[in-house]
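Please treat every number below as a calculation from the coordinates, not as lab data. All of these numbers come straight from a predicted model, not from anything done at the bench. So basically every Cβ, Gly included, is an ideal-geometry build from the backbone, and we count neighbours across all protein chains shown.
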């Protein structure tokens, strides 16, 4: 899978599992660490874990297993590096605290409206 395909698949996975406020930032021109940041909010620590587990499982089945996992200990955030696409999962409070969209505001947002189902 190329980076765009990984990003698309992650957005669909998150959407299917009822993640909130899914956003994608195209950071390819801003950093060498990734092409995309996929950011989403979970309603609880349990949902964050479920989102992370589903993302890891589905992506591994599709031949793109995670390279690195950070933060799964219940701190309100989880980072999963899929090699070119980094998934950031937060509780509402931690998302507001880290405010990645503001930190990376120079990078363009990706329109993912066509990937999301109407909830």
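Of note:
- Cα gyration tensor shape of the chain, rounded if a/c is under 1.5, else prolate or oblate by comparing a/b with b/c: rounded
- Two-site FRET efficiency, residue 12 against residue 81, from Cβ-Cβ distance with R₀ of 22 Å, rounded to 0.05: 0.70
- Put a dot 7 Å past the Cα of residue 53, heading toward its Cβ, do the same for residue 97, and the two dots end up 2.4 nm apart.
- Structure-based [θ]222 nm, the chain - -39500 (n - 2.57) summed over DSSP H runs of at least 4, per residue, nearest 500: -10500 deg cm²/dmol
- Distance in nm between pseudo-label sites at residue 4 and residue 21 (7 Å out along the Cβ direction from Cα): 2.9 nm
- Euclidean distance of C-alpha centroids, the range 26-61 and the range 79-112, integer Å: 9 Å
- Selected from 89, 45, 103 as most flexible by GNM, with the chain as the system and alpha-carbon contacts under 10 Å: 103
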